[in-house]
Every structure is written in C-alpha cells, then in structure tokens.
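The values are calculated or read from the model by the stated rules, or taken from the named source; none is laboratory data. Every value quoted in this text rests on a predicted model; they were computed, and no experiment measured them. Don't worry about glycine lacking a Cβ; one is built from the backbone with ideal geometry, like all the others, and counts go over all protein chains shown. What goes into the accessible areas is simple: the full protein's heavy atoms, side chains included, and nothing from ligands, DNA or RNA. Shrake-Rupley method; radii C 1.70, N 1.55, O 1.52, S 1.80 Å.
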Amino acid sequence: MSAPVPTPPHGGALVVDEAAPALPRQEEVLTEEALAFLGELHRRFTPRRDALLVRRAERRAEIARTARLDFLPETAAIRADDSWRVAPSPPALEDRRVEITGPTDRRMTVNALNSGARVWLADFEDASSPTWENVVLGQLNLIDAHRRTIDFTDERTGKSYALRPDAELATAVVRPRGWHLDERRLRDREDGSPVPGALVDFGLYFFHNARRLLEAGRGPYFYLAKTESHLEARLWNDVFVFAQERLGIPHGTVRATVLIETITAAFEMEEILYELREHASGLNAGRWDYLFSLIKNFRTAGPEFVLPDRNAVTMTAPFMRAYTELLVRTCHRRGAHAIGGMAAFIPSRRDAEVNRVAFEKVRADKDREARDGFDGSWVAHPDLVPIARESFDAVLGDRPHQKDRLREDVRVTAGDLLAVGSLDARPTRAGLVNAVRVGIRYIEAWLRGQGAVAIFHLMEDAATAEISRSQIWQWVHAGVVLDDGARVTAELVREVAAADLEAVRADLGADVFAAGAWQEAHDLLLRVALDEDYAEFLTLPAYEHLTG
C-alpha cells in the first residue's frame, strides 16, 4: 500500500504485537479507548475462560472413559421449572425466517445486508480465517456498514456495491470466535498472555457499535459458537452484563443466539437458555459442528459410534431428528427462537441440472424444518434466500415465528441423542476420498486467509473440514473396512492424499501450485488426521502456520 499507516497504539493493559501487519484505517478500530476496554474484558474474564477450557478437557476424558453422557442431575430443577422464559425478542429479531451467513469482508458485508434475508450472521468464526487483516478490517467493515459509508467499487471488476435503504437490510448478528482460540496479535502488557479471540471480536464490535445500533432501533446482537456447557453460557452472560454497565448501555440490550453444535451442549439446552435468559434470543442447530463434536467425544467409544460418510448423515437420521426436535421443543417452551441448519449449496453458473437437483434438496430440507416448528433457517448464498423464504412463508404466513408450537409431543432421551449406530449407511471409498479432498482444499484456502470456501458446489468452512479430518482419524483407529473391502489405514490415507495433491498440481500447473499453500495443507491434514494424539481443533495447529 502506498499510504503510510500509523503504528498500532498501546491500549493500557494491552499491546499489539509488533509482527502484526500495518493496515489502512486500523487506527479507527484499534483506538486507545477500545483497547483499554478489551484489556478490562481480558483481565476480568480470561482466567474464568481458562478454567472452563480445563473443565472441557476433564469432561471429555470422562466421556472417553465411560462412553456415556446424560442430562445433568444437578440442574434438574431448572428443567422442571415451567415458570421461567427468556426475555421477549427485540423488534429487529422478531422475524428470523431466513438468515444468511458469511465472513465480514467488504463485498460480503454489502451483499449479505442486501440479500433479502432477515438476518446476516457476520462471521469471525468458522467462515473466517483469523488473519490480523480479517480481524481488524472485518470490524472496520461493520463500523462502516452501520454508518452507511461502506459503498464501494471493486477495483478488479469495476462493479459497484451500495447498501439498500435501511428498512430492506438484514439485521447483523456477529459471531465471535469460540472460547478455545486466542488472538495472537493482542497480548497483556504485563504477563504477555494472549487475549481470547472471542473477547476481541465481541469487545471491538460492542465498543464501536452498541450505541449507534441503539439509536437506530436495533442493538448489538451475537451468535455464540462452540459452547459446550451452561457454565460457558454463564461466562458470556457475565461478559454482557459487565460490557453494558461499563459503557452505560441499558441492561438486556445485548441479545445472543447460541449454536447448539456440541453434543455436550445438546444435553444442556435449557440450562444454557436459563443462564442467558435476560440476553437470550434463541438456539441454532449447528449441524456440521455437531457431527464433529460427536466424533470428537466418542471417537474411541466403539463401532456403534463410527459415523458413515459425512454426506450420508442427513437431518432425517434418527439421532439428528432427536437433536433438532429437542431444540425446537426447548426453545418454544422458553419463548426463544429455534433456528435451523445450513443450506450450504453454491449455485453453478454453468450447470442448470446441478442447480435443479440441489435446489430441490434445499427446498425439501427447509420445508421439513418449517413443518417441524423452526422459526427460521440458514443459507450460505443469496440465491438460496428465496427458496428458504418460500418454505417458511408457507408455514408462517404473516406471523413472525411459530413459538406457539410447543412440540409437547416430543420426548427425547439420552439414548436417542446418542443413537449413532441406528444408521444403515457405512463408510465408503468415495467418502474417504472426499474427506481428504475437502480437507486439503479447505486448509489450503484457510492458510491463505479464506475461511469460507466453495468446494464441489458446497460452501465449506472450518466445521466441515473438522468433520473430514475427524472421520479419517476415527476410521483409521477403528480399522473401518470400506465398501470396496479395503481397510482404512494411515498408509491408505497417505496414498489418497498424495494422489490428490498430484492431481491438484497437474490441474493448476507448477507455478500456480507453488504459489499456493498446497503442500503445507496436505501435511497439516495428515498431521491432524493421523497423529496418535487427536488435536482438539485443527485450527489450533493451523494457526501456527497462518501468516498475516
């Protein structure tokens, strides 16, 4: 860049790493006041975060030892108490029938807000690679969007992007990183400890936008990712209370929707809503991370917990039906929105038949969710917004939601949630090849700073890459035999990966291949898929290789 960029400021308790690249307009985000606010969040709440991560590991070890999980006896009174409800929805979150997801780059910000969806999940988590540029400029894009100064022209294509009138824009709901991932570029001045990425993403957005959003009749709204227990939800609630008090924002202004995307959280849905009840907006069925969590927690629990090919595990699988129906029943019992899962298809501009088949599947999926009682659902592409809207319009009509459908017919046991062995499908050679191909391609893009990647007509993010490498790990350790009679071994996985890497090299050409991060991605996939010690998240070792 030609223009000089100011050195990042020191924010009292925090300091920006000297290796952080200088960015245009970063001084508008990394103000001394904003960094001081992050420092307060860090020193007050990071020790509790650290303790909860230790608790996660202990609980996971207990699940591995017993191969069991159940509803918590110590919180039975909360589940039995019919009197409590979450706070009423603010007007901007009353109708959530279609939500679009995506990272916070400048073009996506405009396109998502203009998409016709009711909500945009502005993602700093699975759909974003946490380069310093994505973290800081993503926040700048949100500031500009709320100021309505984000209109711009793409220098490469010459195409102009501009926001529609306010009344036509989606409501922004920001998804901070999960509790597990630190921000390596921002550290405590005294002890050098990194600030949790969750607090950075939440804190910068809240600090810069909360008051402006209130003046516009909305508020700072969030999606909470990777939550594993009601104690983690309690921590978030305390963060919200402190942030509101610290900046003089009315209590209850923050609203949070929690992704139920871990198997442990599925057993604590009511408790999670209870902890957040003054700030809760709803729960979401994060289906891909949910499967990843199942594998992670029960990966050594025996053949009854071995999942077949990822694409063979649909939402009609009995254990997935139990999970989603329990979610709807729980949300509506407590006055919260129930938001369905992702339609990840990316339309083809060249193959109408591919689109026709995929659109039918998307429509069937959204029809089922609307009939089951969900109040809205996710899509990954603007072309899918009308399809999802039609499905929910057919059920909701002019109503903003269907919380009156209490689904008292639903009865779900712990066994129902864990009935993975009820599936007829089995692992296949094609499934192994797909897991390797998706894993390599996603990790390569992630290392280059892209967190949402179109691969084989699907929008892949970190969750689907996690499933890919986790299934490979589980199949190797379980000695799975594929449909062609081959046993899944580390050597077989290496052969499939080597063949794919050569195919990519031949397709791209030597120069383009060398300019990417293909070899590094190949090696990293094999590391997290084949190491004896299972990495908790692939993004943790991958973060060590991330530049920028």
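Assorted remarks:
- Tally, over region 428-451, of residues that are buried (at least 23 other Cβ atoms within 10 Å of the Cβ) and outside any helix (DSSP H, G or I): 1
- Residue in region 336-365 that is most open to solvent (accessible area, probe 1.4 Å), counting only those that are among the small types (Gly, Ala, Ser) and farther than 30 Å from Ser83 by Cα: Ala352
- The helices (runs of 4 or more DSSP H) found entirely in region 235-319 that carry 1 or more residues being within 15 Å of Gln471 (Cβ to Cβ), at pLDDT below 95 and in contact with a helix residue (DSSP H, G or I) (Cβ under 6 Å, 6 or more places away or on another chain) are 287-298.
- Condition check for Asp144: among the charged types (D, E, K, R) and assigned to a helix (DSSP H, G or I): yes
- Residue in region 431-443 that is over 29 Å from Leu540 (Cα atoms) and modelled with pLDDT of 95 or more present: no
- Region 366-394, residues that are more than 13 Å from Val98 (Cα to Cα) and crowded, with 16+ Cβ neighbours inside 10 Å: Arg368, Asp372, Gly373
- Tally of residues being free of Cβ contacts under 8 Å to residues at least 24 places away in the same chain and either among the small types (Gly, Ala, Ser) or crowded, with 23+ Cβ neighbours inside 10 Å (or both) across region 284-335: 0
- With respect to the conditions (1) crowded, with 20+ Cβ neighbours inside 10 Å; (2) touching an Asp or Glu at 6+ places or on another chain (Cβ under 8 Å), Leu213 falls short on a single one, namely (2).
- Among the residues of region 28-46, just one is free of Cβ contacts under 8 Å to residues at least 24 places away in the same chain and open to solvent by less than 80 Å² (accessible area, probe 1.4 Å), namely Thr31.
- Pairs where the first residue, in region 520-532, is without any contact (Cβ under 8 Å) to a residue 24 or more places away in the chain and among the small types (Gly, Ala, Ser) and the second is open to solvent by less than 30 Å² (accessible area, probe 1.4 Å) and in a loop (DSSP other than H, G, I, E, B), C-beta under 8 Å, 6+ apart: none
- Sole exception among (1) surrounded by fewer than 22 Cβ atoms within 10 Å (Cβ to Cβ); (2) closer than 30 Å to Val54 by Cα; (3) not small (Gly, Ala, Ser) for Arg177, by number: (1)
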